[in-house]
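Quick note: the coordinates plus some simple rules give every number you see, no bench work behind them. The model shown is predicted, which means the values in this text are computed figures rather than measured ones. For neighbour counting, all protein chains shown are included, and Cβ atoms are generated from backbone atoms with ideal geometry for every residue, glycine included.
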Amino acid sequence: MIAKHIKKLDSYVPGEQPSSTKVIKLNTNENPYPPSPSCAEALKTFASEKLRLYPDPDCHALRRAIAKVCKTTESRVFVGNGSDEILALAARAFVEDNERIDSLDPSYSLYKTIAAIRNVPWLGVSSLDEAESLVAKKNAPSLFLLTNPNAPTGEWREMATIANFAKKFPGVVLIDEAYADFSRGNCMALATAEKNRNTIVMRTFSKSYSLAGLRVGYCVGPESLISALYKIKDSYNVDAIAQALALAAIRDQKWMKANALKIINTRKRITEELEKRGWDVIPSESNFVFAKPPKNTKAAALFEDLKKREIFVRYFKGKKTGDRLRITIGTEPQMDKLLNAIDELIIR
Ligand SMILES: Cc1ncc(COP(=O)(O)O)c(C=O)c1O
């Protein structure tokens with residue numbers, strides 16, 4: 001009754017969402033600051049009468065606003081029910097049953113699950129050079145999911161490096177820019193370029209716009225790829241309230257950028273503070289740091305100890321990730337509490 005590949009599927013485990021509001025939640029890269037006040041206003045003034053009708057299936061108003069911010073046209077923009085939905089659609093639209101999906105490893109761990117649900121192999125490569133060598137050997141996947149800045153590491157790659165990779169890549173390169181608003185730059189120019197044939201840039205309202213609960217993501221790319229996504233999506237994949245609030249959020253770029261800057265400044269401070277305490281912190285261009293506690297402290301044990309103190313961070317077991325913790329950047333007072341807890345738990 002249940003498909004064989006679903007029977008043996010290891011489903012994706014999202015970071016814990018505790019019911020207690022006392023928890024300092026630094027485990028799912030949410031934004032610690034509220035969304036633009038214009039979102040609250042849009043919610044307050046949303047006429048419930050409108051809920052009688054289906055929402056705009058093509059998200060026209062929101063796509064026009066996104067196109068304006070990204071300096072492109074509406075026909076090159078797709079809006080999804082969170083960027084996770086776009087990943088699932090890309091796996092269906094751009095991959096044949098006998099093809100493959102690849103990404104860096106470590107990277108967003110959902111990619112592997114998306115491939116498993118699509119019932120195609122996934123290969124985690126350790127660098128873009130390794131991915132390129134597979135292309136040279138005519139062993140390329142048809143979809144490469146590239147997080148930039150990467151998660152959980154926070155590392156960032158220059159646009160020129162990615163452009164060079166995409167040029168040689170025969171399939172679709174989907175650049176997941178969930179965290180780009182916290183970084184030095186982004187690859188939107190690759191997605192909007194007239195000559196672009198295979199590159200999609202994906203963004204989300206969940207991180208820099210503080211709207212993880214709303215579930216809206218979007219991507220920009222060549223019209224041919226965008227219309228393939230439109231062909232297969234559910235008719236009404238983005239609800240009316242989500243469209244209205246995301247529209248309010250994207251129109252308030254000033255609010256989003258001010259919050260992103262606060263987070264970048266806190267990231268700089270927490271990086272320095274952890275380094276002073278002997279941690280190894282990978283330079284991050286994101287709203288989190290991926291950091292290794294000083295020797296004699298096991299990341300897994302520290303994760304549990306912090307949890308007991310109602311401070312949630314993220315731990316990914318495994319050879320490449322198991323010696324570090326991924327810590328979302330919270331408010332300044334939240335980070336002070338984290339540092340105090342670390343100082344009590346790790347005797348220097
Ligand atoms: C790299 C990356 N892409 C996508 C997402 C999911 O975004 P959304 O909330 O839009 O589904 C996340 C969430 O943590 C992420 O880390």
Task: Neighbour-limited loop hits for trypsin sites (Lys or Arg not before Pro), region 111-208 (at most 15 other Cβ within 10 Å; DSSP other than H, G, I, E, B) - done: Lys137, Lys138, Arg184, Lys195, Arg197
- [ ] For region 132-148 and region 237-289, compute the distance between their C-alpha centroids and round to whole Å.
- [x] 29 Å
Task: P(r) of region 1-79 over all Cα-Cα pairs, binned every 5 Å from zero, in whole percent - done: 3, 10, 9, 10, 14, 15, 18, 13, 7, 1
Task: Residue-averaged 222 nm ellipticity for the chain, from DSSP H runs of 4+ at -39500 (n - 2.57), nearest 500 - done: -12000 deg cm²/dmol
Open item on the list: Can you tell me which of Ser20, Ser142, Ser183 moves the most in a GNM of the chain? Springs connect C-alpha atoms under 10 Å apart.
Closed with: Ser20
TODO: Considering the options Ile232, Trp156, Thr72, tell which one lies farthest towards the positive end of the dipole of region 37-251, charges being +1 on Lys and Arg and -1 on Asp and Glu at the Cβ, about the Cα centre.
DONE: Thr72
Task: Sorted largest first, extent of region 177-333 alpha carbons per principal axis (Å) - done: 53, 31, 29
Open item on the list: Quick check on region 88-189: what does the Kirkwood estimate of hydrodynamic radius come out to from the alpha carbon pairs, in Å?
Closed with: 13.7 Å
Open item on the list: Please compute the alpha carbon radius of gyration of the chain, then divide it by the globular-protein estimate 2.2 N^0.38 Å. Two decimals is fine.
Closed with: 1.00
Task: Loop-located trypsin sites (Lys or Arg not before Pro) in region 1-99, at most 11 other Cβ atoms within 10 Å (DSSP) - done: Lys8, Lys22, Lys71
